Structures are given as structure tokens and as C-alpha cells.
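Below is one structure; the comments refer to it alone.
The values are calculated or read from the model by the stated rules, or taken from the named source; none is laboratory data. Since the model is a prediction, treat every value here as computed from it, not as a measurement. Because the Cβ atoms are built from the backbone with ideal geometry, glycine has one as well, and the counts that use them run over all protein chains shown. All accessible areas refer to the heavy atoms of the entire protein, side chains included, with ligands and DNA or RNA removed. Shrake-Rupley method; radii C 1.70, N 1.55, O 1.52, S 1.80 Å.
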Amino acid sequence: MFEAVLDNAALASSIYVNIALAGLTIIVIAVMSRSIHDSRAKLITMSTLMISVVSISSYMGLASGLTIDPLVMPEGHPLAGQEVLSLWGRYLTWAFSTPFILLALGLLARSTTDKIFSAIVLDVFMCLTGLAAALTTSSHAMRWLWYALSTAFFVGVLYYLLVEWPAEADEAGTADIFSTLQWMTIVLWIGYPVVWALGNEGLALLEIGATSWAYSGLDIFAKYAFTIILVLYVSDEPDAVVSTSPATA
């Protein structure tokens, strides 16, 4: 699988660019966090740091071919009977990295522990059922049923992003930055199921390299750009971010 990655320039570049950007983001956060002293502000910063730590590890798995396998698509799929490279390691990336995005947003909104936990659980199941959709080869219909279930979990995550946390962020005094990151997250996260549907795993309107770059482009903004924006805000340690009036469960 390592050679299969290197032999496809679009696929390889989509992976290696993310490794470089994740590494750069880690360095930037490490430097910026030196000026952050409040414990709650540090927790938000470390949450964002873990996004890139998970991402660089996961993309290394993809680059090495460790988390890539050829799958024969079932009858009914546009590529039925053909081997399609499945970059299933991406789902591990999302399952372990996106909870830190939600943790950072929940902390920024000063949400309660139970709400943050609930949003993260829904998110993890969204990613795992997405993985099931990608790996199911016994039935084309079952692939889309898994996809629908993953989308249902996503709707649950959107509830917290659109209903619960904006009101809490307004009360916490972080509404402006939360709104920016909230909509950035919502718009970009909607892009992932769209890419799945259009890519080689779904309708196969995009070939493997284009599909991988679409996911990588979303990752660049949903993870690294998100991280830099939030850490820049937290590094100023405004009154709304520091450890006064902590959220309670």
C-alpha cells in the first residue's frame, strides 16, 4: 500500500501536505501556549493541540499504507466488482480528533460537562458508523444505511452546535469568537458526508486522488485553521476565557 500511495501523485500530496501542516501547527501552538497561564485557557489550548497530534499520527498511518486497504465494491456500486482503495484510517483520525474540536468549543461556550460529553459521544458514533459505511462490502444498500445512521448522529451533534452552545456562549461573553468557529465547523463538517457521497466510496463521481484531496482540504480548515484562530483568541486571555465561573455538570 505504501507504493500505491506514492504512485498516485494526487493521493500522496493530499497526505503529505497534511503531515507537514499538522507538524507546523503543533510547533505554533507550543510556542504560543508559553504565554498562557490560566488553567482553563491551557485546557482549551491543549484540546486544540491534540487535534494536530492525532492528525499527524493518523496521516503517517495513511502515508505508510498501514491504514489503507483495497476493497471490492458490492453489486449496485458504480465500481461494482472493482478494487477500490479505502483510506479507512481517515475515520480513525476523525474519531479521535473531532472530539477535541467539540471539547474546545464546549469549553469556550462554558457548557456543562454532561452536554460536552453527550456531543462527543454522538460525534464518535458518527465517525464509527461512517467507518462501517466505508468498510461494508457485502451490500451496497447497507453501505448507505450506515451512511444514513452516521448522518443521524451528525444531526445530534448539530443540535449542540446550533441550539445549546450558542446560548451558553452568549451568556459566557464568548459569542463572537464562538459564532465564528461554530459556523466554520458546521459548514466544513457538512462537507465530509458530501465528499463521501460524491467520492469513490459513494457515487464514485470523484476518483481516489480527488476524493482524498477533498477530505484533506476540509481537514486543513476544520482542524489547523480552526486551531490557530482559537489559540490566537485564547492567548489574549480575555475575562470570558479564564477560570472564573467555571461550568458545572
Verdict on Ala10 being touching a helix residue (DSSP H, G or I) at 6+ places or on another chain (Cβ under 8 Å), modelled with pLDDT under 90, surrounded by fewer than 16 Cβ atoms within 10 Å (Cβ to Cβ) and under 27 Å from Pro193 (Cβ atoms) | yes
Inspect segment 197-219 for any residue being open to solvent by 30 Å² or more (accessible area, probe 1.4 Å) and among the hydroxyl-bearing types (Ser, Thr, Tyr) and give the result as yes or no.
-> no
Within segment 26-49, restricting to residues that are open to solvent by less than 10 Å² (accessible area, probe 1.4 Å) and assigned to a helix (DSSP H, G or I), the one that is farthest from Leu66 (Cα to Cα) is Ala41
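Among the candidates Ser52, Ser14, which residue alone is more than 23 Å from Glu207 (Cα to Cα) and either touching a strand residue (DSSP E or B) at 6+ places or on another chain (Cβ under 6 Å) or hydroxyl-bearing (Ser, Thr, Tyr) (or both)? Steps first, please.
Working: Ser14 fails: more than 23 Å from Glu207 (Cα to Cα).
Answer to the selection: Ser52.
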Boolean, Gly65 is at pLDDT below 95 and in a loop (DSSP other than H, G, I, E, B) = yes
For segment 84-91, does any single residue satisfy the condition of being open to solvent by 60 Å² or more (accessible area, probe 1.4 Å) and among the charged types (D, E, K, R)?
-> no
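The rows are residues; the columns are (1) open to solvent by less than 40 Å² (accessible area, probe 1.4 Å); (2) more than 15 Å from the chain's Cα centre (by Cα); (3) at pLDDT 95 or above.
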position	(1), (2), (3)
Phe221	no, no, yes
Ala225	yes, no, yes
Pro238	yes, yes, no
Val242	yes, yes, no
One residue from Ser52, Ser57 being surrounded by fewer than 18 Cβ atoms within 10 Å (Cβ to Cβ), within 24 Å of Tyr224 (Cβ to Cβ) and of a type outside the set (A, V, I, L, M, F, W, C) = Ser57
Number of the exception - Phe117 against (1) open to solvent by 40 Å² or more (accessible area, probe 1.4 Å); (2) within 26 Å of Gly199 (Cα to Cα) = (2)
Keeping to segment 145-182, report how many residues are in a helix (DSSP H, G or I) and either in contact (Cβ under 8 Å) with a residue 40 or more places away in the chain or among the hydroxyl-bearing types (Ser, Thr, Tyr) (or both).
-> 20
